[in-house]
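Shown next, in structure tokens, is the structure this report addresses.
Every read-out reported here was derived from the displayed coordinates using simple, explicitly stated rules and does not represent laboratory data. None of these values were measured; they are calculated from a predicted model. Here the Cβ positions follow ideal geometry from the backbone for every residue, glycine too, while neighbour counts run over all protein chains shown.
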Amino acid sequence: MPALDIDLHSHSTISDGTMQPAALVAHAKARGVSVLALTDHDEVRGLEEAAASADGVGLRFIPGVEISVTWGGQTVHIVGLRIDPDNQGLLHGLEQVRSGRLPRAREMGRQLALAGFPDAYEGALRFVSNPGLISRTHFARHIISTGRCANMKQVFERYLVAGKPGYAEHSWAKLSEAVAWIHGAGGVAVVAHPGRYRLTELALGEMLSEFKQLGGEAIEVVTGSHAPEQFARFATLARHYGFRASRGSDFHGTGESRVDFGELPPLPGDLTPVWQGWF
Ligand code: AMP
Ligand code: MN
Ligand code: MN
Ligand code: MN
């Protein structure tokens, strides 16, 4: 456990988390987190409430966002940290990314209906708090509620990943756009959970090189979305490319997420943390 538990990746009900921003902040505080970033998917609407709540409980808050990107035919997530949530360029970009979610969800609903879930779209909508910000996670919660899958891992494997009946191909933002929006809003760009992508070693290297060329600053090394065996591999890549390193639980909710706040190990000591110089 580091002296300061710094957690720079989490989700609220504003995207696909289960806790409202203020409750999320209180939960992080109770679990020993000192510095927290809220990084909802494609949306910054929760940052004001989270910041106010963080002030109230004495937790340092970092405004963030996790932008959906399509690179090499795969979805890649880019986290922006220390962004200005009022920046117009960022807001317009995120609006454009979000606008693809409803049509994609309708297509997922259509496909899932053929796979034996007749009311999947309406069912998923019941789990959505922020209209328009509908994600695969909301479909997963609905499918679990039907009793036909036991947990998130099972729903995704059976229905929601490429090649499965509920997966709809989709084009998100370009990598260059996401980095430009984050930088335009004064933020730092971080490749989220690089170990999660279905990219060959060569393609991952190309993506990281392109991200570096675009001025991307950091990659996540210690994240709840990596298996612990992956931490060393991404530490090596951070050193190789000269990226700063980030750390965050990717918490979505108690009982649903692989790790809760306060459970991750510290970053390897020789890496430059993304937060160096911030406080
Ligand atoms: P979307 O942005 O609609 O494609 O949904 C992506 C979200 O689905 C991620 O942010 C995760 O919260 C969740 N997710 C993706 N893959 C998995 C998985 N294998 N197990 C559990 N959750 C997943
Ligand atoms: Mn998510
Ligand atoms: Mn992600
Ligand atoms: Mn995330």
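Report the trypsin sites (Lys or Arg not before Pro) located in segment 56-133 that are in a DSSP loop and have at most 11 other Cβ atoms inside 10 Å of their Cβ, or state none.
Filter output for segment 56-133: Arg126.
Only bridges with both residues in the chain count here: give the DSSP antiparallel percent, nearest 5.
Antiparallel bridges: around 40 percent, rounded to the nearest 5.
Taking all pairs of distinct Cα atoms, average 1/r, flip it, and tell me the Kirkwood hydrodynamic radius of segment 208-279 in Å to one decimal place.
About 12.9 Å, per the Kirkwood formula over Cα pairs.
Does a label point 7 Å from the Cα of Tyr241, set along Cα-to-beta-carbon, have any residues of segment 207-233 with amide nitrogen under 11 Å, and which are they?
207-221
If contacts are Cα pairs under 8 angstrom and at least 6 residues apart, what is the relative contact order of the chain in percent?
Value for the chain: 21 percent.
Helix 21-30 against the longest principal axis of the chain: what's the angle in degrees, Cα atoms only, rounded to the nearest 10?
The helix 21-30 is inclined about 50 degrees to the chain.
Return the FRET efficiency for the residue pair Glu122, Arg198: r is the Cβ-Cβ distance, R0 is 41 Å, and the value is rounded to the nearest 0.05.
According to the calculation, E is roughly 0.85.
Based on Cβ point charges of +1 for Lys and Arg and -1 for Asp and Glu, what charge dipole magnitude is obtained for segment 173-228 about its Cα centre, in debye rounded to the nearest 20?
120
Taking the Cα centre of segment 1-44 as origin, work out the dipole magnitude from +1 charges on Lys and Arg Cβ and -1 charges on Asp and Glu Cβ, in debye rounded to 20.
Dipole of segment 1-44, to the nearest 20 debye: 280 debye.
Roughly what angle does helix 88-99 make with the longest principal axis of the chain, taking Cα atoms, 0 to 90 degrees, to the nearest 10?
Helix 88-99 sits roughly 30 degrees off the main axis of the chain.
Can you give the charge dipole size of the chain about its Cα centre, rounded to the nearest 20 debye, using +1 on the beta carbon of Lys and Arg and -1 on the beta carbon of Asp and Glu?
Computed about the Cα centre, the dipole is about 620 debye.
Which one of His138, His240, His193 has the biggest mean-square fluctuation once the chain is modelled by GNM with Cα springs under 10 Å?
Of His138, His240, His193, the Gaussian network model singles out His240 as fluctuating most.
What length, rounded to one decimal in nm, is gained on full extension from Ala150 through to Ala113, with 0.36 nm per residue of separation minus their alpha-carbon distance?
11.4 nm
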